[in-house]
Amino acid sequence: MRRHVAASKNKRAPKRARCCIFPGREKREPPRSLFHPLPSSTFTFNLFFSFFFSLFFLSSRAEIAAVYDTPLLDLAFAAARVHRAHHDPAMVQRCTLLSIKTGGCPEDCGYCSQSSHHKKVDLVAERLADLDSVYEAALRAKAAGSTRFCMGAAWRGPSQVGPRQWERVLEMVRRVRGLGMEVCTTLGMLTPAQAAQLREAGLTAYNHNVDTSPEFYAKVSSTRTYADRLATLAAVAGAGVSVCAGGIIGLGEGPADRVGLLHTLATLPAHPESVPINALVAVPGTPMEGNPPPSGLDIVRCVATARVVMPASVVRLSAGRKELSPGDQALAFLAGANSVFDGDKLLTTANADRDDDAALFGALGLKSRPAFLPYGAGSETSRAGAVEGGAGGAAGQRALA
Ligand code: SF4
């Protein structure tokens, strides 16, 4: 302590700018002068700094790799600071994901049980669900505490189906939105016109994961390209719908691919509103059935890096959470995860037990995030009152009033 005081009095001691996100590192040039007058201990400074940190410092893959490679406890600590500057760390959103059209997909994603290419998978393809069953599922999800309802169809995209099925999906969006829930869909590749129709129906967000790095993507799917994925994300953003885009850990990728995945997401024209981090659920009969599962700490590292490089996004702890220990999940929440999927199933695979989740939330002091709390990232569709076009928009407002 005495030595520390003496050093601070030595005016000749060289002043070394320390990074506020990673105190062990020297801060990089510039924009030091920009931040210098601000008190380092304030919320404003943290918010301001971490915003510019991500904007100016973390735009290259090497810089994101440096974050990813940080010793895990330092990384988790840094991510927790960023998280607390941008979000209420006690709030975790609970979402429900329902498969509205299961199996028979013409794509060949190597991890997916729903591809018609993987004949050994024990799954029966189904037709598009009827409106009432989806509405009832949404009602149950809402009663159980979910505030976002996501609907997934195993399609290459809505272009492969006729107008009657497409209109049914749009009506599903309208009716679920009318419950005052946030509504998300994941329907494959979209055209700009389809994205605009979904927006008009009251869609809050559209999920379209890029899965992995651009270099590794060819090992994941051969029936579509990385550029296809980015084109759909552009159509979604162009229609004013919030983007939900993340990836899957455990596809056989290396650390450089995980960095590449996060680099793709962090350098989109705007950070996604939501970033799902999935752990592969290796389904028997798929080409990836023998992949070793990622460790819980691998997932924490990806969550923490996502939090540092996309400070305002909602980071969603998604598929594979059932295999994470309560301790791993707690560390992930500390390091920036602020959403989970609720319910028995995630499309076709098992999800974490609801009672276990309730116990974990209680032990960690977490509370469910209400629908339409303003998100730091994302378009106006993820904010209450923004969507007036869909029948659900006005009804959603009444439910929130
Ligand atoms: S597009 Fe979706 S449903 Fe189809 S195989 Fe790929 S992940 Fe599965």
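Points worth noting:
Per-residue answers, yes or no, for (1) among the hydrophobic types (A, V, I, L, M, F, W, C); (2) part of a loop (DSSP other than H, G, I, E, B); (3) within 30 Å of K119 (Cβ to Cβ):
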position: M288; (1), (2), (3): yes, yes, yes
position: V315; (1), (2), (3): yes, no, no
position: K322; (1), (2), (3): no, no, yes
position: Q329; (1), (2), (3): no, no, no
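- Options A306, A270; residue that is outside any loop (DSSP other than H, G, I, E, B), of a type in the set (A, V, I, L, M) and within 16 Å of the chain's Cα centre (by Cα): A306
- In this structure, V134 does not qualify as within 16 Å of the ligand (Cβ to nearest atom), within 23 Å of P276 (Cβ to Cβ) and not in a strand (DSSP E or B).
- Some residue of region 62-85 being over 12 Å from T305 (Cα atoms) and touching a Leu at 6+ places or on another chain (Cβ under 8 Å): yes
- Candidate set: region 56-98, residues that are in a strand (DSSP E or B) and among the β-branched types (V, I, T); chosen: the one nearest to T186 (Cα to Cα): T96
To keep it simple, each residue is scored yes or no on (1) farther than 27 Å from L373 by Cα; (2) in contact with a strand residue (DSSP E or B) (Cβ under 7 Å, 6 or more places away or on another chain).
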position: G247; (1), (2): no, yes
position: D257; (1), (2): yes, no
position: I277; (1), (2): no, yes
position: S295; (1), (2): yes, no
position: D298; (1), (2): yes, yes
position: R301; (1), (2): no, no
position: R307; (1), (2): no, yes
position: V315; (1), (2): no, yes
position: A319; (1), (2): no, yes
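- Positions within region 178-193 being more than 19 Å from E380 (Cβ to Cβ) and not small (G, A, S), in sequence order: L179, T186, L187, M189, T191
- The numbered conditions (1) touching a residue at least 60 places away in the same chain (Cβ under 8 Å); (2) over 27 Å from C302 (Cβ atoms); (3) under 21 Å from the mean Cα position of the chain (by Cα) are all true for L198 except (1).
- A single member of L98, L128 is crowded, with 18+ Cβ neighbours inside 10 Å, within 15 Å of the ligand (Cβ to nearest atom) and over 25 Å from A282 (Cβ atoms), and it is L128.
- Checked against (1) more than 22 Å from L261 (Cα to Cα); (2) not in a loop (DSSP other than H, G, I, E, B), V236 passes all but condition (1).
- L123 vs. criteria at pLDDT below 95, within 14 Å of the ligand (Cβ to nearest atom) and surrounded by 22 or more Cβ atoms within 10 Å (Cβ to Cβ): no
- Long-range neighbours under 6 Å by Cβ, at least six apart or interchain, first residue under 19 Å from A279 (Cβ atoms) within region 107-123, second at pLDDT below 90 and more than 7 Å from the ligand (Cβ to nearest atom): S113/V121; S113/L123; S113/T348
- Hits in region 186-224 (condition: surrounded by fewer than 24 Cβ atoms within 10 Å (Cβ to Cβ), β-branched (V, I, T) and away from the ligand (no atom under 13 Å from the Cβ)): T191
- Candidate set from region 152-180 (those that are farther than 18 Å from F372 by Cβ and outside any helix (DSSP H, G or I)); member that is nearest to the ligand (Cβ to nearest atom): A154
The values are calculated or read from the model by the stated rules, or taken from the named source; none is laboratory data. Just so it is clear, the structure is predicted and the values come from calculations on it, not from any experiment. All Cβ positions, even for glycine, are placed from backbone atoms using ideal geometry, and neighbour counts span all protein chains on display.
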